[in-house]
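Please read the structure below before turning to the comments.
The values are calculated or read from the model by the stated rules, or taken from the named source; none is laboratory data. Keep in mind that this is a model prediction, so the values were computed, not measured. Positions of Cβ are generated from backbone atoms using ideal geometry, with glycine treated the same way; all protein chains shown enter the neighbour counts. These accessible areas exclude ligands, DNA and RNA; they are computed on the full protein's heavy atoms, side chains included. Shrake-Rupley method; radii C 1.70, N 1.55, O 1.52, S 1.80 Å.
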Amino acid sequence: MTNENLEQKVKDVIEQLKMYVRQDGGDMEFVALKDKIVYIRLLGNCVGCGLTNLTYKEGVESILFEEFPYDINGVELVL
């Protein structure tokens, strides 16, 4: 899979996941994919929320690991 294809597929998954964080007034956006690390930014009510680690580590990261087990090594937050 080319990096452009992988990036688009990651964006598609993140787009699908947005509906869950939007239910609580939050949002997130894809920032970049570099060296098998996906960078995202949390927005809205997600900023400063005590459940941020749960949202991006146990939520977004675990789903991306399932979808792309050989292509993604982690998810990092960008402020």
| request: Please go through the range 64-78 and pick out each residue that is without any contact (Cβ under 8 Å) to a residue 12 or more places away in the chain and part of a helix (DSSP H, G or I). | output: F65, E66
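Scanning for something loosely packed, with under 13 Cβ neighbours inside 10 Å, β-branched (V, I, T) and in a loop (DSSP other than H, G, I, E, B), does the range 47-63 turn up at least one residue?
Within the range 47-63, the first condition is being loosely packed, with under 13 Cβ neighbours inside 10 Å, and the residues that meet it are 47-48, 50, 53-54, 58, 62.
Add one more test, that the residue is β-branched (V, I, T), and what stays is 47.
So of that shortlist, the ones also in a loop (DSSP other than H, G, I, E, B) come out as 47.
Yes, that holds for at least one residue.
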| Counting only residues that are open to solvent by less than 40 Å² (accessible area, probe 1.4 Å) and over 19 Å from N73 (Cα atoms), which one in the range 13-24 is nearest to the chain's Cα centre (by Cα)? | K18
| Name the residues in the range 35-46 that are closer than 16 Å to K9 by Cβ and part of a strand (DSSP E or B), would you? | I37, V38, Y39, I40
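From the list E15, E29, pick out the single residue that is part of a strand (DSSP E or B), free of Cβ contacts under 8 Å to residues at least 24 places away in the same chain and either touching a helix residue (DSSP H, G or I) at 6+ places or on another chain (Cβ under 9 Å) or at negative phi (or both). Steps first, answer last, please.
On the way: E15 fails: part of a strand (DSSP E or B).
Answer to the check: E29.
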